[in-house]
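Structure first, commentary second.
The values are calculated or read from the model by the stated rules, or taken from the named source; none is laboratory data. Since this is a predicted model, take the numbers as computed values, not measurements. Here the Cβ is made from the backbone with ideal geometry for all residues, glycine too, and neighbour counts use every protein chain on show.
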Amino acid sequence: MMPIDLRSDTVTQPTPAMRRAMAEAPVGDDVYGEDPTVNRLQQMAAGLLGKEAGLFAPSGTMGNLAAVLAHCQRGDEVILGHLSHTYLFEAGGISALGGVHSCQIPNRADGTLDLEQVRSAVRPDDVHHPVTRLVCLENTHNRCGGVALSVDYTRAAGELAHSLGLSLHLDGARLFNAAAALGVPARSLAEPADSVTFCLSKGLSAPVGSVLCGSEAFIRKALRIRKMLGGGMRQAGVLAAAGIVALETMVERLAEDHRRAARLAAQLGSIPGLQLDPGSPHTNMIFAGLAPERPEDAAAVAGRLKAAGVLVGVVGARRFRLVTHAGIDDGAVDRAVQAFRQVLAAGIPAVSSSVT
Ligand SMILES: *Cc1c(COP(=O)(O)O)cnc(C)c1O
């Protein structure tokens, strides 16, 4: 039997409709701007987010990097959350490749940044300081439990940034999950931001790609940077075709992943030895830790779950992340719960003697 893979929604497989669209996509050289399928995806994405233009990128990491580099010069400063993906998980690209300095504000539990702290982090005009240029938000916020940031908050952040002469970039890797959870159009969440990245390759199940959206002028700048980063692709319509199908067929069903995450969490919550984070899940991610009476580490438990056919993410010495997606149906939820029960009921394995 195939393992039940709850490590991430990035493990999703392209749907049969995506594979057909990929095989049949009209393509051209996208570096010449001549790939009709890439152009169609970019227009479609921009339209969905209410922006003038879009740019297909091979990954969310490159989309965010191109955005930060388009907003900032070397030595400029970006204000972002200390738990943000860009700060934690993008290999330090904004500083390594862009020379962009970061100012990390503590993320609150709900994924937001305290706007008063953002305001006080802005540098005065003084030769000692870098120039503050950009604020980044993340929606849904991955490390804060997949929580969705509201339209009101995003609007307030945008107003503050703009009143201070800064731009706002939104890392919306899972923006459509946020929209589904809040029951608002994705464009309302994108509206206050000058630029937005979202991933096609996570819950939307496309094999590859993200789209960066913003104004025409901004995207023209980002296009040159994407080329500089090596992200200028040729007949990329083969990939964009799957992205179009993702936007057409996989957005509406995200709410289903959220319902399944809630069902999975409700059942896991009744298993002794496991403690769900308060409020978890907000969308398609469950964060849970081992209870104090379990002395083993999360990696050991994950190893035993793997042997039982269930893959989970280990996100700390004693913490797990479980993500629902199109590859997880109700049967998979039940089997995952069963595996957790079995592994945690088996008791704590005796420490084997080092003397043999
Ligand atoms: C996955 C993710 C990214 C990066 O996307 P990749 O395609 O994996 O490079 C950026 N931000 C957030 C919040 C993510 O979860």
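So is M44 surrounded by fewer than 18 Cβ atoms within 10 Å (Cβ to Cβ), away from the ligand (no atom under 16 Å from the Cβ) and modelled with pLDDT under 95 or not? Show your work before the answer.
Numbers: surrounded by fewer than 18 Cβ atoms within 10 Å (Cβ to Cβ): yes; away from the ligand (no atom under 16 Å from the Cβ): yes; modelled with pLDDT under 95: no.
Here the answer is no, as M44 does not meet what is asked.
Considering only the range 20-41, state which residues are out of contact with any Gly (no Cβ under 8 Å at 6 or more places or on another chain) and either in contact (Cβ under 8 Å) with a residue 12 or more places away in the chain or surrounded by 20 or more Cβ atoms within 10 Å (Cβ to Cβ) (or both). Explain how you work it out, then say what you get.
Step one: filter the range 20-41 for residues out of contact with any Gly (no Cβ under 8 Å at 6 or more places or on another chain), giving 20-24, 29, 32-33, 40.
Answer for the range 20-41, where residues must be out of contact with any Gly (no Cβ under 8 Å at 6 or more places or on another chain) and either in contact (Cβ under 8 Å) with a residue 12 or more places away in the chain or surrounded by 20 or more Cβ atoms within 10 Å (Cβ to Cβ) (or both): A21, M22, E24, D29, R40.
Within the range 129-144, the set of residues being assigned to a loop (DSSP other than H, G, I, E, B) and within 11 Å of the chain's Cα centre (by Cα) comprises N139, T140, N142, R143.
Taken over the range 145-169, the criterion of being touching a residue at least 40 places away in the same chain (Cβ under 8 Å) and assigned to a strand (DSSP E or B) is satisfied by V147, S167, H169. Of the residues making up the range 225-265, those that are more than 21 Å from T283 (Cα to Cα), in contact (Cβ under 8 Å) with a residue 24 or more places away in the chain and not hydrophobic (A, V, I, L, M, F, W, C) are R226, K227, G231, G232, R234, Q235, G237, G243. All conditions in (1) within 16 Å of the ligand (Cβ to nearest atom); (2) free of Cβ contacts under 8 Å to residues at least 40 places away in the same chain hold for G99, with the sole exception of (1).
Just to be sure, is P124 over 20 Å from S195 (Cβ atoms), within 19 Å of the chain's Cα centre (by Cα) and more than 10 Å from the ligand (Cβ to nearest atom)? It is false that P124 is over 20 Å from S195 (Cβ atoms), within 19 Å of the chain's Cα centre (by Cα) and more than 10 Å from the ligand (Cβ to nearest atom). Note on the range 170-227: residues that are away from the ligand (no atom under 15 Å from the Cβ), closer than 16 Å to A66 by Cβ and not in a helix (DSSP H, G or I) amount to 3. Among the residues of the range 48-87, those identified as among the hydroxyl-bearing types (S, T, Y), assigned to a helix (DSSP H, G or I) and surrounded by fewer than 24 Cβ atoms within 10 Å (Cβ to Cβ) are T61, Y87. Within the range 1-28, the residues that satisfy the criterion of being charged (D, E, K, R) and either within 25 Å of the chain's Cα centre (by Cα) or in a loop (DSSP other than H, G, I, E, B) (or both) are D5, R7, D9, R19.
Using the structure shown, decide if T112 is crowded, with 22+ Cβ neighbours inside 10 Å, at pLDDT 95 or above and part of a helix (DSSP H, G or I). Walk me through it before giving the result.
Numbers: crowded, with 22+ Cβ neighbours inside 10 Å: yes; at pLDDT 95 or above: yes; part of a helix (DSSP H, G or I): no.
For T112, the condition - crowded, with 22+ Cβ neighbours inside 10 Å, at pLDDT 95 or above and part of a helix (DSSP H, G or I) - is not met.
Restricting the first member to the range 197-216 and to residues that are within 12 Å of L41 (Cα to Cα) and of a type in the set (G, A, S), and the second to residues that are within 11 Å of the ligand (Cβ to nearest atom) and part of a strand (DSSP E or B), the beta-carbon pairs closer than 8 Å and six or more apart or on different chains are G209/A57; G209/C199; S210/A57; S210/T197; S210/F198; S210/C199.
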